[in-house]
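Structure first, commentary second.
The values are calculated or read from the model by the stated rules, or taken from the named source; none is laboratory data. Remember, it's a predicted structure, so these values are computed and weren't measured experimentally. Every residue, glycine among them, receives a Cβ derived from its backbone with ideal geometry; neighbour counts consider all protein chains shown. SASA here: full protein model, heavy atoms, side chains in, ligands and nucleic acids out. Shrake-Rupley method; radii C 1.70, N 1.55, O 1.52, S 1.80 Å.
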Amino acid sequence: MEIRSHDILLVGGGGAGLRAAIAAAEVNPKLSIAVVSKVYPMRSHTVSAEGGAAGVAKPDDSLDEHAYDTISGGDWMCDQDAVEAFVKEAPQELLRLERWGCPWNREPDGHIAVRAFGGMKKKRTWFAADKTGFHMLHTLFQTSLKYQPITRYDEWFVTKLLVDDGRVQGVVAIDVMSGKIQAITAKAVIVCTGGCGRIFPFTTNANIKNGDGMALVQRAGTPLKDMEFLQYHPTGLPFTGILITEAARAEGGYMINKDGYRYLQDYNLGTPQAKPVLRSMELGPRDRLSQAFVKEDQKGRTVKTEYGSVVHLDLRHLGEKLINAKLPFVRELCMKYENIDPVNELIPVRPVVHYMMGGVSTDINGATSLGGLFAAGEVACVSINGANRLGSNSLTECLVFGARAGRAAAEFAVGQKMPNGRVLAQATDEQKRLEQQYLHKSGGQERIATLRDEMQKAVESGAGIYREQSTLSQAGNKLRELQERYANISLDDHSQTFNTELTSALELGYMLDVAQSIVECALHRTESRGAHQRTDFPERDDQRFLAHSLVRRNSDGSLKVDYLPVKITRWPPGERVYGQEEKPKDGIKQAG
Amino acid sequence: MAEKIVLEIARYAPEKDEKPSFQSFEVPFRKEWVVLDALNHIKDKVDGSLTYRWSCRMGVCGSCGMMVNGEPKLTCATFLSSYGNGATVRVEPLRYFPVIRDLVTALSDFLVKLQSVKPWLIRKDEPPLSAGEFLQTPEQLDIYKQFSMCINCTLCYAACPVVGLEPTFVGPAALALAQRYNMDNRDQGAEERLGLLAHPEGIWGCTFVGECTRVCPKHVDPAGAIQQYKLKAALEWVKGFILPRGSEDQSKEVRP
Amino acid sequence: MSVQPSTEFHPRWYRAPVSTYWWMGSWRYSLFILRELTSVAVAWSVVVTLLLLRSLLKGPDAYAHFTHRMQAPWMLALNIIAFCFLLLHTITWFNLAPRAMPVRVGGKRVPEFLVAAPNYVLWVVASAAIAWFVLRKS
């Protein structure tokens, strides 16, 4: 087996990964930095983010208000020291991206323009039309090309973290093009592989989002945090699950039921106004809007279609000019994929799995409990998103915590020795495992797609927007069954060259692990908070559950859930109030 | 009649095939399906060894470009219904690229070309972050915005005969991205890039076939970008000709 | 940034040869090749124009000789064909103009046809003026 060595190794080349790589290269240009990604970096799912990136930009706004919106939006599950660091560094990071050429939308005088977003009391979302993630990712990727210390491993698929002597020492990866299995050693590893939306049948997430990093880290003995908190975005197109950005509502779109009624007023989200009101109605947080949809559906006030119930997003009153200027991608997607022109037609939408608030448990520098192992972006749980992420915080999170992890890893790497021979023995074992379990295996009976479909159905029905003991237990049992059947999969493809069936099989393995963690955490949290709603425990329970779930995998494959207190600094838990003026202000006062 | 459509898919297994051949698959004809859905149906249900790239399924990651009935297309945005029930649709890897396997092409050469145009903001000065953003009015943004929409799907390379005949040609997407930075009022690297690209494998390699612009799924207009680039290069050349040691400062001097 | 090549192991890539007749694959390619080939016609027209100017400078005899030569049937046929191709190139250039020289007024890009249109108008007016001038004399 051939071995390659670097000082710092990134797994994943999306927003967080590229930001971390650049940060490390800037801290110490002598370091050798590897970006290992299963797709070309500009294909990473950051590219699909639409609405924008939050960071205080205007004099009427303040860091405390951004922090308060984030913390109350997260139903007080956010670690407040992390949120404070986040809101403080957010504007600098967004500005840095401007310096690298990101085409942010502008005011007429040439300064950065900001837009409103759900759950935010002030306009603070920087945007590049409604292709913000696309522009950020390409800006980062193109900028990264000028850094000599960065080496890319494009289309290399990581199968294992190499751990010895209490620290991570590299990875085993398949060079997908040649099929060669190789070890790449490193003094520090930063996992930036994004989320796991593909565990669910109906998701905005790209095909590559399979929870790879979460499973890799958990298998290496490091816990995942808050995996029960999974965000449904209220506005996805039926069938495809394509996201219609929250910006459509921030620019003034209405959510209406089958009777043309703005139903959100019935769910404690304020009273309808013609113009959008911040933190109210359509600009409420995503968890509340998705939950309102389910209730509306139960009342029979949604529209039934071939692909499930829908409500409508009405942009018609915004006019063609505004839609073209601020929401061109929304129009393009509706016309291309639904044959609907939002300028004069209603857009059918329904809640769709969008974002994993939980992930690899890290501190505010992205460091995990395992030496030399860092994580940033959606794969990580710092945690700034708590029980429900606010729209436009995640792109900024990739930048702020990507940069922090990059710098921290660069510092860590300097003092470390090169990896030892024992990890190379591990790598050889991993190669044998891959060959025996997948490439040279014969006689299996289970098809990958069948298992995947069954997993998606089980998780959707057990751990959807509303959960309860019985359905969660069923899902848990089903997942255990699927894990057993997974050992019996069959591959049609035994080729060495670009074997995507092999990578799909490995991804399915990752997804099953992550799905089990989600269900296990959801079972244990017997309260309702943010995106985790238990019909059998409908109240928030701060006495018992103002704490992060930590889920570990034992060597026998069983899971163990522990709790870690939430860090509260200046904002004691309060009631989440939307659509009214007074109470959020009280919250801020208390905070002082 | 059952709703069916036939996909003729180019297959190439480098371990055993000398060259690609076609294999036919019958798939259900569904009005909401795109070509990529049909490929996924085959991979999931019929033949797991079918090899292709895809990811976002919303026309922005740029992975799933293929030749569909001879036209470069994003397969996630190409509906089966545009070919009709019972039709035969031919799916091949993007033209002019080396084929790694089945529908997967080698992109490494494109990445080298992309890097060669220095697609990043070049500055002579680097004011501190505390100095705030570089100002850019909406009008200044609009000048280059179109060229910044490239998703690197490489459909334009598959449409460009010059790429086929002269593999060293830098190509439409990379040149358009160079022009994207040239036209950005924050950038100061236009001169540097012109030196790199005003040669027969750069902008002068383009013979204005115009196909790149026609096939671009994001309306980037690489052909327009390259013609603008040529015009600028020609003007610079004329300027240099009239003012032999001519920089703009020297041109202000009055010479006898 | 550098990229790790995996050339030592990488598989056999298939490179499809470009057919000699690739340009027959679509009418757009055929049109493109036609433009490439018929640039000779443009060159020929330039030569004819230069010859015309030279004969004019030399005096009436030379001019008469030139016009006489131009009346030969094969010459007429050649020039008619060259003229047709010249039209093709003219249209190509006029349509290219707005793409190569985007015009902006008040920060907005002027629609392409508005940039191309003056070219055509000027062309028609100039042609009409010359036609009037030539036909009036004869």
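For the reader, a short list of remarks on this structure follows.
- Criterion violated by B:Phe208 - all others in (1) assigned to a helix (DSSP H, G or I); (2) at pLDDT below 95; (3) within 11 Å of chain C (Cβ to nearest Cβ) satisfied: (1)
- Options A:Asp69, A:Asp81, A:Asp60, A:Asp7; residue that is open to solvent by 20 Å² or more (accessible area, probe 1.4 Å) and part of a helix (DSSP H, G or I): A:Asp81
- Any hit, region B:2-10, residues being farther than 30 Å from A:Glu338 by Cα, in a loop (DSSP other than H, G, I, E, B) and not β-branched (Val, Ile, Thr): no
- Members of region A:436-456 that are in a helix (DSSP H, G or I), over 28 Å from the mean Cα position of the chain (by Cα) and without any contact (Cβ under 8 Å) to a residue 60 or more places away in the chain: A:Gln436, A:Gln437
- Scanning region A:457-471 for residues that are in contact (Cβ under 8 Å) with a residue 40 or more places away in the chain and open to solvent by 20 Å² or more (accessible area, probe 1.4 Å) yields a count of 6.
- Within region B:12-62, if we keep just the residues that are more than 9 Å from chain A (Cβ to nearest Cβ) and in contact with a Ser or Thr (Cβ under 6 Å, 6 or more places away or on another chain), the residue that is surrounded by the most Cβ atoms within 10 Å (Cβ to Cβ) turns out to be B:Val35.
- A:Thr159 vs. criteria more than 22 Å from A:Ala49 (Cβ to Cβ) and open to solvent by less than 20 Å² (accessible area, probe 1.4 Å): yes
- When A:Ala405 is tested against (1) within 14 Å of chain B (Cβ to nearest Cβ); (2) in contact with a helix residue (DSSP H, G or I) (Cβ under 7 Å, 6 or more places away or on another chain), just one condition goes unmet, and that condition is (1).
- Scanning region A:121-159 for residues that are touching a residue at least 12 places away in the same chain (Cβ under 8 Å) and among the basic types (Lys, Arg) turns up A:Lys121, A:Lys122, A:Lys123, A:Arg124, A:Lys131, A:Arg152.
- Under the condition of being part of a strand (DSSP E or B) and more than 8 Å from chain C (Cβ to nearest Cβ), the residues counted in region A:157-181 number 17.
- Within the span defined as region A:409-417, one or more residues are buried (at least 20 other Cβ atoms within 10 Å of the Cβ), touching a strand residue (DSSP E or B) at 6+ places or on another chain (Cβ under 8 Å) and over 26 Å from A:Gly211 (Cβ atoms).
- Residues (acidic (Asp, Glu) and either in contact with a Pro (Cβ under 9 Å, 6 or more places away or on another chain) or over 28 Å from A:Gln445 (Cα atoms) (or both)) located in region B:23-58: B:Glu32
- In region B:83-107, the qualifying residues are those that are outside any strand (DSSP E or B), under 17 Å from the mean Cα position of the chain (by Cα) and not hydrophobic (A, V, I, L, M, F, W, C), and the one that is nearest to the other protein chains (Cβ to nearest Cβ) is B:Pro98.
- Failed criterion for A:Glu501 (all others in (1) of a type outside the set (Val, Ile, Thr); (2) in contact with a Leu (Cβ under 6 Å, 6 or more places away or on another chain); (3) under 18 Å from A:Leu564 (Cα atoms) hold): (3)
- Count of residues meeting criterion [open to solvent by less than 80 Å² (accessible area, probe 1.4 Å), assigned to a loop (DSSP other than H, G, I, E, B), at pLDDT 85 or above and at the interface with another protein chain (Cβ under 9 Å from one of its Cβ atoms)] in region C:1-24: 3
- Residue pairs whose Cβ atoms lie under 6 Å apart, separated by 6 or more positions or on different chains, with the first residue in region A:350-379 and among the acidic types (Asp, Glu) and the second open to solvent by 10 Å² or more (accessible area, probe 1.4 Å), are A:Glu378/A:Gly194.
- Selected residue [out of contact with any strand residue (DSSP E or B) (no Cβ under 6 Å at 6 or more places or on another chain), closer than 30 Å to B:Gln140 by Cβ and open to solvent by 50 Å² or more (accessible area, probe 1.4 Å)] from C:Lys58, C:Lys108: C:Lys108
- For A:Gly118: the one exception among (1) part of a loop (DSSP other than H, G, I, E, B); (2) open to solvent by 10 Å² or more (accessible area, probe 1.4 Å); (3) touching a residue at least 40 places away in the same chain (Cβ under 8 Å): (2)
- Breaking point among (1) touching a residue at least 12 places away in the same chain (Cβ under 8 Å); (2) within 26 Å of A:Leu161 (Cβ to Cβ), for A:Gly415: (1)
- Annotation note: Cβ proximity below 7 Å between a residue of region C:115-137 that is polar (S, T, N, Q) and a residue that is surrounded by 10 or more Cβ atoms within 10 Å (Cβ to Cβ) and in a helix (DSSP H, G or I) (sequence gap 6+ or interchain) occurs for C:Asn119/C:Phe94; C:Asn119/C:Ala97.
- Some residue of region B:166-176 being touching a Gly at 6+ places or on another chain (Cβ under 6 Å), more than 7 Å from every other protein chain (Cβ to nearest Cβ) and part of a helix (DSSP H, G or I): no
- 3 or more residues away from every other protein chain (no Cβ under 14 Å) and over 22 Å from the mean Cα position of the chain (by Cα): qualifying helices (runs of 4 or more DSSP H) within region C:30-138: C:39-58, C:60-70, C:112-137
- Residue pairs meeting the criteria (Cβ under 6 Å; at least 6 apart or on separate chains; first at positive phi, in region A:272-301; second open to solvent by less than 10 Å² (accessible area, probe 1.4 Å)): A:Arg279/A:Tyr578; A:Met281/A:Leu264; A:Met281/A:Leu269
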